[in-house]
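Data first, discussion second: the structure below is written as structure tokens.
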Amino acid sequence: MDLSNCKHLRFFGLQSNSLAWKCVALAVIALVLRAICLPKLSGFSGGTVQRDSFDIKNQPLPQNSVSSHIEKSKFLEVPQIIWGLNNQKIAFARACLTARMLNRTLLMPSLSASLFYKEVDRLKPISFDKVFQFEKFNSLCKGFVQLSRYSEVVNRTNVFELQKGSGRKWTIEKDLDQLRHFNEHPYDEYENIRVIGKNPFLWHDHWLVKEYAKVFECLVLVEEISREADKVVSKIKEIGSRNGINRKLESVPYVAVHMRIEKDWMIHCKKLQQRHNISEICSSKEEIMQRVGNIMGLKTPIVIYLAIADDLLEDNSILTGWKDGLLPYEKKKLGVFDVYKKHPYLIQSAIDYEVCLRSNMFVGNSFSTFSSLVVLDRTQKMMAMFGSEMCGKDAKWPSYAYNLEGESKGPRSWASNMSDVSLQAISYGSNHISCR
């Protein structure tokens, strides 16, 4: 490339023999070479990423675009985090974002191994690092939020107890003012601020969906749990391969359906429908089967993995009535029931979440926190890889809401609204789901 021919650079007031001109020219050459040499996005078999070879757990996480100074010698301590897996993930993220706002490091909180109304004998704390990788979290979230262990606290007596407000009079504005107040003197002098009161899931929400997503993408399951999910996914793919899907085992596709028809859910969703005066929350077994069978472009035969809480299921006929070519399997028929039962509820849910996350197609309920976070996770990763076509038959790995009717009487296409100003729709559900 003859640099003397680049006369158009004189438009910027640079002379061809000047040092500035040479710097600009070299920068242009570097950008051209980078564009030529950088490899294009490829799939796991060495070629272009295909819809039927998706393994979301191996996709690279996007780098955080926002950095800030996190004070490593100042800490925030929160109450034990409780309820279901995904309620706990939201509560954890909210605690992280609160610590970020206060320019503090979050002390590693305790999670809860069980839902209190399901397993009273297992209602006990479980350490965060027994479920998620501690060091990996800090590495991925470096510059955004950070975790510390209690052993890093130097002065255990230098603690200020912060009582979170509650009740209808404790507005979101008052809550935000309180947080801002505790980021100032004299409270910023305390080594540790200990929050007293409600589970962080119930705290007021002051953060964007994108900020929550940054925290969620740093949550990586420990290897023991990830390997359990590997076993389940391998079983699904083996069955798919044996049933006429003539592909390499690792590329056998499957559909995951988060089938919410258990007795506790049906009680909850009927109350929600009465409270909100809408009829698009509860779905019967028959409605789910019909809508999944009507998904446009779904190639059969294909295995349908039914993610369901078996202990709370009163209907034993969930495997019958499916459209020809759809091969339904739940934990017992799949032969993985023992993989789940040796773990407490929280770990069982984490395994199912991972199986749903890795599926080629996911179908859930838009009022379920579990379903909503799976869709958020998938949307975030697809946006990082492709940036468009998040929904429908043209999406690489689409998600759907079976409680809402969509095209051709199938489930409605679903992707998370990453521009939303709060996590309200994901935390509590919505029938106004995004697909853009």
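The values are calculated or read from the model by the stated rules, or taken from the named source; none is laboratory data. Keep in mind it's a predicted model, so treat the numbers as computed, not measured. Cβ sites come from the backbone with ideal geometry, for glycine too, and all protein chains shown count toward neighbours. Protein only, heavy atoms only, side chains kept; ligands, DNA and RNA dropped before computing areas. Shrake-Rupley method; radii C 1.70, N 1.55, O 1.52, S 1.80 Å.
General observations
- Cα gyration tensor category, rounded, prolate or oblate, for the range 353-436 with a/c compared to 1.5: rounded
- Using Cβ point charges alone (K and R +1, D and E -1), the dipole size of the range 360-413 about the Cα centre works out to roughly 80 debye.
- Rounded to the nearest 20 debye, the dipole size of the range 175-284 about its Cα centre is 980 debye, using +1 on the Cβ of Lys and Arg and -1 on the Cβ of Asp and Glu.
- Of the residues Asn199, Tyr212, Ile225, the one whose Cα sits farthest toward the positive end of the charge dipole of the range 191-233, with +1 on the Cβ of Lys and Arg and -1 on the Cβ of Asp and Glu, is Asn199.
- Positive-end extreme of charge dipole, the range 285-436 - chosen from Leu423, Asn316, Ile351 (charges on Cβ): Ile351
- The smallest convex shape that holds all Cα atoms of the range 261-420, its convex hull, gives 128 Å³ per residue.
- Residues of the range 259-287 with amide N under 16 Å of the 7 Å Cα→Cβ point at Thr320: 285-286
- Overall form of the range 264-331 per C-alpha gyration tensor (a/c, 1.5; a/b vs b/c): oblate
- Average projected area [Cα convex hull, the range 128-211], square nanometres: 7.2 nm²
- FRET efficiency estimate (nearest 0.05) - Cβ-Cβ, Lys396 to His268, R0 45 angstrom: 0.85
- Counting only protein heavy atoms and using a 1.4 Å probe, the accessible area of Glu228 comes to about 10 Å².
- Debye, to nearest 20: dipole size of the range 241-392, +1 on Lys, Arg Cβ, -1 on Asp, Glu Cβ: 240 debye
- Using a Förster distance of 25 Å, the FRET efficiency for Lys248-Val222 (Cβ separation, nearest 0.05): 0.30
- Three-way shape call for the range 68-197 based on the alpha-carbon gyration tensor, with the a/c threshold at 1.5: oblate
- Accessible area per residue (1.4 Å probe, heavy atoms of protein chains only) ranks Arg104, Arg180, Arg149 as Arg180, Arg149, Arg104, with the largest value leading.
- One equal scatterer on each Cα of the range 388-436, no solvent, Debye formula: the resulting log10 I(q)/I(0) at q = 0.18, 0.28, 0.32 Å⁻¹ is -0.56, -1.11, -1.24.
- Debye intensity ratio I(q)/I(0), log10, the range 181-333, q values 0.10, 0.14, 0.20 Å⁻¹ (C-alpha model): -0.60, -0.96, -1.33
- Panel values: the range 303-379, Kirkwood radius from alpha carbon pairs, Stokes-Einstein at 10 °C and 1.306 mPa s, translational diffusion coefficient 117 µm²/s.
- Set Lys237/Lys299; Lys285/Lys409; Lys89/Lys271; Lys271/Lys341; Lys136/Lys214 screened for pairs whose C-alpha atoms are more than 21 Å apart: Lys89/Lys271; Lys271/Lys341
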